[in-house]
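S.K.: Structure in structure tokens, see below.
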Amino acid sequence: MPLILLSGYPSSGKTYRSKQVLEFFTRKISEADDPKIKRLKLHHIDDQGLGLSRDVYATARAEKDARATLSSAIKRELGRDAIVVADGMNYIKGFRYQLYCEAKAVQTPSCVVHVGTPADKCRELNDAALRDGTGGYEPEIFDNLVFRYEEPNGMTRWDSPLFTITYEDAEPPCEAIWEAMVGSEGKAKVVRPNAATVLKPASEQNYLYELDKTTSEIISVITTWQQDHPGEGGDEITVPAAEKKILLPLTAPSLPQLQRLRRQFTTLNRQHSLSKSRLRELFIDYLNDAFQS
């Protein structure tokens, strides 16, 4: 059953909104006559419940470990009769993509609920929480998280369907979320896993070598093109032995950005058994999605 992913600035009200969604879903399940709906179990996963302090966002290593803890907890609960509400920062699009793949691998739908509270209002709420001792992030951590936040984009697969809640909204669009995730009378859409999300042991002995080599080649194609076309963007790049083309954004990506996307892709696909040609097409798709978001 579905994965509902909350995302928003620090102190934007994600936990408050997630509890509203949970209360609505609890009521829908209790009032249902369909046994398939009656047996659904709700799981609320957040930093606090996992024993993660807000201070983990102060250093890259601690934050990485925290994301791994959150991801593991979500994967444990995803199942046929479970609805998982992941209430966390979830501000990195690569992490949202990873969770999207986890949901698709078990053939369950997912969505993103963006708590769109403006940064200035979040800062006001955060300062108030710090003053009265009820929570909040230290100012330096708060500013850093706001600066690094990658807003969900409903045009990308992993952020779709996307539901946005403004600060003025009294309630989230719970009925629409229920319909998208559970469906009418419990007849939710069937999600078919594809080659990019079905986890299975790598059967080819040189699979990891091919994964590393193929992604490196494509990054090299991009950097070589950029060296020949300094300052240009928004063009198409032909990749040898690939049908699809790389669609560059108007602002050309830097080498560190390209290497970060390559690391994310290789991490997500280490356990997949794909042919070299399939790896090439998938990585081009992944880059194009990232460039367009």
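Throughout, read-outs are computed from the coordinates displayed, never taken from laboratory work. Owing to the predicted nature of the structure, the values given are computational and were not obtained by experimental measurement. Heads up, the Cβs are rebuilt from the backbone with ideal geometry, glycines too, and the neighbour counts pull from every protein chain shown.
S.K.: Might you report the magnitude of the Cβ-based charge dipole of the range 34-165 about its Cα centre, with Lys and Arg at +1 and Asp and Glu at -1, to the nearest 20 debye?
M.R.: On the way: 19 positive and 20 negative charges, 169 e Å.
Charge dipole, the range 34-165, about its Cα centre: 820 debye, nearest 20.
S.K.: Given a cut-off of under 8 Å on Cα pairs at least six residues apart, what relative contact order in percent is computed for the chain? Each step should come with its number before you reach the end.
M.R.: On the way: 425 pairs, mean separation 62.2, N = 293.
Reported as a whole number, the value is 21 percent.
S.K.: Follow-up. If you fit an axis through the alpha-carbon atoms of helix 139-148 and take the longest principal axis of the Cα set of the chain, what angle between them do you get, 0 to 90°, nearest 10?
M.R.: Compared with the principal axis, the helix lies near 50 degrees.
S.K.: Then there's this: For residue 30 and residue 92, what is the calculated FRET efficiency with R₀ set at 45 Å and r taken between the beta-carbons, to the nearest 0.05? Write out the running numbers ahead of the final one.
M.R.: Working: r = 35 Å, r/R0 = 0.78.
Calculated transfer efficiency: 0.80.
S.K.: Here's another thing I want to ask about it. What percent of all Cα-Cα pairs in the chain falls in each 5 Å bin, counting up from 0?
M.R.: 1, 5, 11, 14, 16, 15, 13, 11, 8, 4, 2, 0, 0
S.K.: Label points 7 Å out from Cα along the Cβ direction at residue 155 and residue 75: separation in nm?
M.R.: 3.2
S.K.: For the residues 11, 216, what sequence is obtained by ranking on other C-beta atoms within 10 Å, fewest first?
M.R.: Working: 11 26, 216 13.
Lowest to highest Cβ neighbour count: 216, 11.
S.K.: A further question follows. Given the options 143, 120, 132, which has the most mean-square fluctuation in a GNM of the chain, springs set between C-alpha atoms less than 10 angstrom apart?
M.R.: 132
S.K.: Turning to a different aspect of this structure: Suppose every K and R has +1 on its Cβ and every D and E has -1 on its Cβ; what is the size of the dipole of the chain about the Cα centre, in Debye to the nearest 20? Write down the numbers at each step before the final one.
M.R.: Numbers: 38 positive and 41 negative charges, 241 e Å.
Here the size comes out at about 1160 debye.
S.K.: Once you place label points 7 Å from the Cα toward the Cβ at residue 167 and residue 60, how far apart are they in nm?
M.R.: Modelled inter-label distance: 3.2 nm.
S.K.: Still on this structure, I have one more. Using a Förster distance of 25 angstrom, determine the FRET efficiency expected from the C-beta separation of residue 147 and residue 68, and round it to 0.05.
M.R.: Working: r = 23 Å, r/R0 = 0.91.
Approximately 0.65, to the nearest 0.05.
S.K.: While we're looking at this one, here's another question. Could you work out how much longer the chain between residue 247 and residue 267 gets when fully extended? Use 0.36 nm per residue separation minus the Cα distance between them, nm to one decimal.
M.R.: 4.9 nm
S.K.: Separate question: Top mean-square fluctuation among 168, 236, 217, Gaussian network model of the chain, C-alpha springs under 10 Å?
M.R.: Comparing 168, 236, 217 in the GNM, the peak value goes to 168.
S.K.: Assuming R0 = 35 Å, can you tell me the calculated FRET efficiency for the pair residue 208 and residue 53, based on Cβ-Cβ distance, to the nearest 0.05?
M.R.: Numbers: r = 35 Å, r/R0 = 1.00.
The calculated FRET efficiency here is 0.50.
S.K.: Placing +1 on the Cβ of each Lys and Arg and -1 on the Cβ of each Asp and Glu in the chain, which of 12, 114, 129 has its Cα farthest towards the positive end of the resulting dipole?
M.R.: Value computed over the given set: 114.
S.K.: Under 19 Å from a point 7 Å along the Cα-to-Cβ line of residue 121: which residues of the range 1-34 have their amide N that close?
M.R.: What the label zone holds, given the 19 Å backbone N cut-off, is 6-21.
S.K.: Taking 0.36 nm per residue of sequence separation and subtracting the Cα-Cα distance, how much length would be gained by fully extending the chain between residue 107 and residue 285, in nm to one decimal?
M.R.: Details: separation 178, 0.36 × 178 = 64.08 nm, distance 2.07 nm.
The span from residue 107 to residue 285 would gain 62.0 nm if fully extended.
S.K.: Separate question: What residues from the range 1-21 fall in the zone where the backbone N is under 16 Å from a label point 7 Å along the Cα-to-C-beta line of residue 39?
M.R.: Those under the cut-off are 1-2.
S.K.: If the elastic network links every pair of Cα atoms under 10 Å, which of 90, 206, 126 fluctuates the most in the Gaussian network model of the chain?
M.R.: With Cα springs under 10 Å in the chain, the top fluctuation among 90, 206, 126 is at 206.
S.K.: Would you calculate, for the chain, the mean residue ellipticity at 222 nm contributed by helices, counting each DSSP H stretch of 4 or more residues as -39,500 (n - 2.57) and dividing by all residues, to the nearest 500?
M.R.: On the way: 10 runs with 138 residues, N = 293.
Calculated at 222 nm, the ellipticity per residue is -15000 deg cm²/dmol.
S.K.: Which value, in debye to the nearest 20, describes the size of the charge dipole of the range 207-292 about its Cα centre when Lys and Arg Cβ atoms bear +1, Asp and Glu Cβ atoms bear -1, and nothing else is charged? Show your work: numbers first, answer last.
M.R.: Values: 10 positive and 11 negative charges, 82 e Å.
That gives the range 207-292 a dipole magnitude of about 400 debye.
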